Structures are given as C-alpha cells and as structure tokens.
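Novice: One structure follows; several queries about it will come next.
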Amino acid sequence: MGGEWNKVTSSTADTVLRSMGEKDFELYIYSLRKMAENNLESNRTFMTNLYNLRAFQYKAAEEMLENPQLKFAMIVLDFANFKSINEFCGREVGDGLLKCTADALREQMREHVVLSHFRADIFALILPFEKEEELVDTVQRIDRRISEYKIPYKVLPAFGICVAESPTMSVSLMRDYATMALNTIKGKFYAKYAFFDEKMRSRMLLNKMIENDIVGALEGEQLQPYIQPKIDMETKEIIGGEALVRWHHPKRGVVPPGQFLPVLEKNGLIIDVDVYIWKRVFEFVGKRLSEGKKIVPISINISRCHVFDKTFRKCLVELAQEYHVPPEYVMLELTESGFLENEEAMYDNMKYLRDYGFHLSMDDFGTGYSTMTMLKNQPVDEIKIDRGFIVDIENAKSKSIVRHTIDMLHELNMKIIVEGVEEKVQQDFLLQCGCSSAQGFLYYKPMPVAEFEQLLN
C-alpha cells in the first residue's frame, strides 16, 4: 500500500499545481487556512472546544494538500447507546463522557493531526500514519481512556477508519466512508473498529443503484411477483402459496432479494414495493375466482415499516373490495421481529384486519426473543417455523426442540407450517411429529405467477 501511495503522492503536488497554477494553488491553501482560522470561536464546539464539522473539513483538507508526501486516515467515533446514557444516568453524566472523549482525542495530538467534535456524540480525527497498525493503536488508546470514565452504564464506542486514497481525496467523502465502516459494527460488544474497504464500497454503490433504480423498476414492471407453493407433505397437494418479489434488472439481471430488500426497508421504499406486489396478488386471486377456477390462500408479506402506519390496513381492505377477493384467500405474513417493533400498534392493526376476515401468519417463528409472549398476546392464525430449526434435524437436540414446539402449537390450536424443507429426512421427521404442511425446495422453488397457475389448473 505504501508503494502505491508514494507513486501517487510523488506527483500529486505537481498535478495539483499544473491543474491550478502555482499562484492559484497558493491562494487556495491560503483561503483554506483563513477560513479555518477566522472567527475561531464559531469554528469550535462549545462543550469540548474541538473543531466543528465545517472547520474540521477545512483544516483536514489543508493538512492533506500541504503534506502530499504523508499518508492520512480519518477515524470517526460514535457511541451506540449515548441516548440511553443521558436518559438513565442524566445529562450531566453524558456531558462528562463527551468531555472525557474530547480529552482522549487531545492526547493523540501531534503534528498534522486535526481533531473534531461533529455533533452530539460523534467525534473524528484525521492523522498521518505509515502502517495501519498505528491506526489500530490509536483507536485502542482512545478506547482505553474512555473506559476510565466511571459510569453505571455500559459504554459502547465504535470506530470507523478510512484511509485516504490520495492527498486530494474529499474530506467529506472520507467521513462518509469512515461512518459507513463504523455502522457495520456499531452496538456490537465483540468489535470496536472497522476499516472501510472495497467490499463496503461495492455494497455502497449497489445500495445507491437500488435507491436510484427502484422507481423505474416499479414503473417498468421489472419487479415481478413469484409464488412458492405450500404443500401437504402426505398428499403432495398444493394448499397455499407465498408471494415473493423478484427484480429483473435490465442491466444487472436478477438482483437477489437479500441485496435490495434490506435497502428498501431502511429507506422506506419497501412500502411502495409491498403495495405493488399486494395489488398483483389480489388481481391474480380475483381473476381466478371470477373465472370459477381453483384457488388456494396466498400469503403476502407485511414489512416492518407498515407497523407504524394505519393506512396500510385501509389499502388491504380497498384491494380486497376492488378485486372482489374474500379476505380469507389472502394471508398476511409478518416476521416475528416485526411484532417487536411496536407491539401495541401491530396488535391494533392486525386485530382490525382479522375482524375484517384476513388471517395472520407469523413468519420466522423462534428467531426472536419474545416468542412465548407474542403467542399469548397476538392474534395469530398460522405459525411458520423457521428453517433454522430443521437444518440439522438429525441432531438429537434439534429433534427435541422441533417436536416439543410442534406439540405446544398443536395444544394452542395453531396452524403450523415449516419453511425451508429441502431434504426427505426433514419431511419424514416432521410427519412423525404430526406436522404435514411445509414449504421448501424439496417440493417447489419460487416461480412466476403463470407457472404457479398451471400447477393449480
């Protein structure tokens, strides 16, 4: 890495000079310096007296441009639980932690180092280095110093590190990259720091592509509903189906759901995708019913984003009315974690929809930490046991857990379906336990609606 940097930096100053002219370059550096130094008080955060974001970016850019022979990196620090510290320990304790953190950064001060307190509990420093081990040592020193602050609450600092690609790299971009690295480990007990790398860059570019292209995908019908059949393992009869979404990108081909769905959930665009798929499902079911053809209940997924919004229940009722679909033909599927987001709101929404006639399925059952409580409190009609329970079904402990889970759900008069059945040994054991409904590659993979329709005919 050092050799590559030297190749770049040896010519960087000359390149900048040629592009700007020597006088323009000197003027540029001078302007950066003056912008950072003028109105000194307004350029610093009141509590910690460190540079604010604006001044930090000026000073950091100045150091990098004036010292192209040096390698620079940015370290961004954020606390995963600072809000909780203020709430449970008091603002005075929280302020003390911020001041302690500022002192920890000042202890790293040397030539060409720039310190900053961006806002709230976010700090940063830019510093020269030769080996990445030096950056790790810096992080560890800061972390140790922070840990010395006595507080009756677990402090969870996280550090993101971005190595500058060249002396002319945007400080703002370095901050974004370091923050992205930080967010991959924020809140984790076992990880303190993360470097921004090419994998993160690729993921960032992919996420940006998804955000930019999703509207066009909806308008151009690139998003298509697929249905995975649910079957009776004894008779092999199709007893239902789950509607899933697939993205056929005109340039990238099929984009895996695991790549685009988390991005859409994070930025809220999943709501538009959900409604699009719902409409297609209601249209399919309504058409089959109007033609007098066989139809089985189809499950549609309800994203966590809908938990906080009552308009989605109005949307489902209107779709049922528009396409003349009795609600019992559409099952609403929500992951177990979805119930945890806002239990009261979800209970209210689901009760409303069940009273209308929809049935509710809890997906990924057993992956959360409040399973029993939710079974007691939530109006659930169907339980989907997570595939993780049957992956190693030949293991004695796994067998015992699955058997007792199925027995318990039977006693509660719950309809049970097991997802992820891929092997005959799994099927045979589930049948022994009295569970006959399943979904998995042993029987069918998700397929276009037209193929599913042929199976029903």
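Just so you know, all these numbers are worked out from the coordinates, no wet-lab data involved. All values reported here derive from a predicted model rather than from experimental measurement. Positions of Cβ are backbone-derived with ideal geometry, glycine not excepted, and every protein chain shown enters the neighbour counts.
Novice: Given 37 °C and 0.692 mPa s, compute D for the chain with the Stokes-Einstein relation, Rh being the Kirkwood radius over Cα pairs; round to the nearest whole µm²/s.
Specialist: Working: Rh = 26.2 Å.
Diffusion coefficient, whole number: 125 µm²/s.
Novice: Using a 10 angstrom Cβ neighbour count of at most 16 plus a DSSP loop assignment to flag exposed GluC sites (Glu not before Pro), which longest range of the chain is free of such sites?
Specialist: Details: sites that count: Glu107, Glu111, Glu130, Glu148, Glu165, Glu221, Glu234, Glu237, Glu291, Glu394, Glu422, Glu423.
That gives 1-106 as the longest site-free run.
Novice: Have a look at the DSSP beta bridges in region 110-242 and tell me what percent are antiparallel, nearest 5.
Specialist: Details: 9 of 12 bridges.
Antiparallel: roughly 75 percent of the beta bridges in region 110-242.
Novice: Can you return the lysines within cross-link range of Lys279? Criterion is Cα-Cα under 25 Å, with same-chain partners fewer than 8 residues away left out.
Specialist: Of all the lysines, those that pass the test against Lys279 - Cα under 25 Å, at least 8 places apart if same chain - are Lys230, Lys266, Lys287, Lys293, Lys294, Lys310, Lys314, Lys351, Lys384, Lys445.
Novice: With a point put 7 Å past each Cα toward its Cβ, work out how far Asp176 is from Ser202 in nm, to one decimal.
Specialist: Output for this residue pair reads 2.0 nm.
Novice: For the chain, give me the percentage of DSSP beta bridges that are antiparallel, rounded to the nearest 5 percent. Display every interim value, and only then the final one.
Specialist: On the way: 36 of 60 bridges.
Antiparallel bridges: around 60 percent, rounded to the nearest 5.
Novice: Additional query: Can you give the angle from 0 to 90° between the axis of helix 22-37 and the longest principal axis of the chain, with both taken from C-alpha atoms, to the nearest 10?
Specialist: Result, in degrees: 80.
Novice: What FRET efficiency, computed as 1/(1 + (r/R0)^6) with R0 = 56 Å and r the Cβ-Cβ distance, is obtained for Asp407 and Arg110, rounded to the nearest 0.05? Write out the running numbers ahead of the final one.
Specialist: Numbers: r = 66 Å, r/R0 = 1.18.
Approximately 0.25, to the nearest 0.05.
Novice: Name the long-range amide H neighbours of Met447: under 5 Å, sequence gap of 5 or more, or other chain; modelled H, no Pro or chain starts.
Specialist: Excluding prolines and chain starts, which carry no amide H, the hits are Ile227, Gln228.
Novice: Okay, next question. Among the aspartates and glutamates, which fall within straight-line cross-link reach of Lys83, defined as a Cα-Cα distance under 17 Å, with same-chain neighbours fewer than 8 residues apart omitted?
Specialist: Straight-distance partners of Lys83: Glu92, Asp95, Asp121.
Novice: In region 381-457, which chymotrypsin sites (Phe, Trp or Tyr not before Pro) fall in coil by DSSP and have 12 or fewer other Cβ atoms within 10 Å?
Specialist: Details: sites: Phe389, Phe429, Phe441, Tyr443, Tyr444, Phe452; in loops: Phe441, Tyr443, Tyr444.
Sparse-neighbourhood loop chymotrypsin sites (Phe, Trp or Tyr not before Pro): Phe441.
Novice: Give me the one-decimal nm value for the distance between modelled label points at Asp348 and Lys279, 7 Å along each residue's Cα-to-Cβ direction.
Specialist: It works out to 2.7 nm between the two label points.
Novice: Then there's this: Nearest-5 percent of antiparallel DSSP beta bridges in region 206-456? Let's see the in-between values first.
Specialist: On the way: 16 of 36 bridges.
Counting only bridges with both partners in region 206-456, antiparallel ones make up about 45 percent.
Novice: Through the Karplus equation 6.51 cos²θ - 1.76 cosθ + 1.60, θ set to phi - 60°, convert the phi angles of region 185-196 into ³J(HN,Hα) values in whole Hz; use x for Gly and Pro.
Specialist: Those phi angles translate into 10, 4, x, 8, 6, 8, 9, 9, 9, 8, 8, 5 Hz.
Novice: Right, next: With the Cα gyration tensor of region 206-456 in hand, give its eigenvalues times 5 under a square root as the equivalent ellipsoid semi-axes, listed largest first in whole angstrom.
Specialist: 28, 21, 20
Novice: For region 155-170, in order, what is each residue's ³J(HN,Hα) by Karplus, 6.51 cos²θ - 1.76 cosθ + 1.60 with θ = phi - 60°, in whole Hz (x at glycine and Pro)?
Specialist: Running phi through 6.51 cos²θ - 1.76 cosθ + 1.60 with θ = phi - 60° gives 8, 10, x, 10, 10, x, 10, 10, 8, 4, 6, 6, x, 9, 5, 4 Hz.
Novice: For n ≥ 4 DSSP H runs only, could you compute -39500 (n - 2.57) per run for the chain, divide by its residues and tell me the 222 nm figure to the nearest 500? Let's see the in-between values first.
Specialist: Working: 17 runs with 228 residues, N = 457.
That comes out to -16000 deg cm²/dmol.
Novice: Next question. Of all trypsin sites (Lys or Arg not before Pro) in region 214-251, which ones are in loop regions per DSSP and have a Cβ with at most 13 other Cβ atoms within 10 Å?
Specialist: Working: sites: Lys230, Lys236, Arg246, Lys251; in loops: Lys236, Lys251.
Passing both the DSSP loop test and the Cβ count: Lys236, Lys251.
Novice: A follow-up question, please. Whole-Hz Karplus ³J(HN,Hα) for region 75-84, in order, using 6.51 cos²θ - 1.76 cosθ + 1.60 and θ = phi - 60°, x for Gly and Pro?
Specialist: So the J values, rounded to whole Hz, are 10, 10, 10, 9, 9, 6, 10, 5, 4, 5.
Novice: On to the next question. Nearest 10 degrees, 0 to 90: what angle lies between the long axis of helix 257-267 and the longest principal axis of the chain (Cα atoms)?
Specialist: The two axes meet at around 70 degrees.
Novice: Then there's this: Could you give the angle, 0 to 90 degrees to the nearest 10, between helix 198-219's Cα long axis and the longest principal axis of the Cα atoms of the chain?
Specialist: That helix lies at roughly 50 degrees to the long axis.
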